[in-house]
1. I'd like the Karplus ³J(HN,Hα) series for segment 80-87: coefficients 6.51, -1.76, 1.60, θ = phi - 60°, whole numbers in Hz, and an x wherever there's a Gly or Pro.
2. Quick one: Karplus J couplings for segment 180-187, per residue in order, coefficients 6.51, -1.76, 1.60, θ = phi - 60°, nearest Hz, x for Gly and Pro?
3. So who's got an amide H within less than 5 Å of the one on residue 224, skipping anything under 5 residues away but keeping other chains? H placed 1.01 Å off N, in plane.
4. With the crude spin-label approximation of a point 7 Å out along Cα→Cβ, what separation in nm comes out for residue 272 versus residue 141?
5. With +1 on each Lys and Arg Cβ and -1 on each Asp and Glu Cβ, and nothing else charged, work out how big the dipole of segment 164-313 is about its Cα centre, in Debye to the nearest 20.
6. Normalising by the residue count of the chain, find the relative contact order in percent from Cα pairs under 8 Å and 6+ residues apart.
7. Spin-label point model (7 Å from Cα, Cβ direction): what's the residue 163 to residue 38 distance in nm?
8. For residue 216 and residue 132, what is the calculated FRET efficiency with R₀ set at 35 Å and r taken between the beta-carbons, to the nearest 0.05?
Amino acid sequence: MARERLTLDTVAAAAGVSRMTVSNAYNRPDQLAPATRAHVLAVAKQLGYAGPDPAAASLRLGRTGTVGVVLTERLPYAFADPGLVTILHGIATELSDAGNALLLVPAALGDGDSLLRHAIVDALILCSLAADDPAVAAAAERKVPLVTVGSPRLPRVPCVSADNHRAAGDVARYLTGLGHRRFAVITTVAGSAIDPHRPVFQERVDGFRAALALALAGNDRIDVEVLYATDNSRTAGRVAVRELLSRPHPTRATAVFAVTDILALGVLDCADDANVVVPRDLSIAGFDDIEAAAASSPPLTTIAHDLFGQGRAAARLALRLVAGEAVRAPRIAARLIERASTSAPGG
């Protein structure tokens, strides 16, 4: 025989109080005398009643107290990429300080379906999605406040991001200023089965190459080769540059720009394997200024753009939108951090 469903009315009858008193015991404890609340909760526990259904309560209140973060990656990747971990740390910190919860939502399941349709959230933060990703349309259909981090830039949706194109151009200008004329750029394979399409990576490649094109105004010839890693990992960066570093010194790049520090650290590993001295034989620069960048040997030249602060800002915007406030995304500064992984060619 099926067990009778326990409700507020069941607890009220057993405790000899009104339904409102039971509700207040869970939702508005300040409205009850401590002894009355203790009595109600004791009766509820004896009956096996765990409290009001959170989903039903959310429907009544119109709020869930939860913000969803939509990722292009499979969830395990969220904890493997230090840059993404730092952004998520910022989001979680801001939400926690405001008494809200964080829900991680992968853009798609293995069968192509989306959890977005079922996620019970007050707002959604989209992290580094392409504008034509089906998850973007699915998020818009939810009719909840949206914020993006990195990309995409959508009409009337605040986007928290540094100017990746300009910042990557700063790296190119810095390296050409040192005297480099032969370059390699390391990025990931866009939209592969292993690694999702990340528009911010393409912005960095384009910004770097555009700045190099401007440097052609003089008589110097500047060569740039784009190499593709299978994914955004240290191992993939190491493999992607292996053939390049096997070439004779006069014919290979003297400087490598990787679109993330993780890939750049892989290049450092490969240089060590190949007995290529950094920065004398090869200068290496990355992007993001993750903690490992300063701790590498040699320390990595990179672009810093406050990933933790971007996470906090995105969460703050989402909560303000939920509250019905007008918002504007903050400007995110990006600056070149010069360290010992770069020097003049042969320096």
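Taken together, the values in this text are just the output of simple stated rules run on the coordinates, not laboratory data. Keep in mind that this is a model prediction, so the values were computed, not measured. For neighbour counting, all protein chains shown are included, and Cβ atoms are generated from backbone atoms with ideal geometry for every residue, glycine included.
1. Once θ is set to phi - 60°, the couplings for segment 80-87 become 9, 9, x, x, 5, 4, 5, 4 Hz.
2. The phi angles translate into 6, 10, 10, 10, 10, 10, 10, 9 Hz.
3. Distant-sequence amide H within range of residue 224: 183.
4. Simple spin-label model gives 4.8 nm for this pair.
5. 380 debye
6. Details: 670 pairs, mean separation 57.5, N = 347.
Once normalised by length, the contact order is 17 percent.
7. Label at residue 163, label at residue 38, 6.4 nm between them.
8. Values: r = 32 Å, r/R0 = 0.93.
The formula returns an efficiency of 0.60 here.
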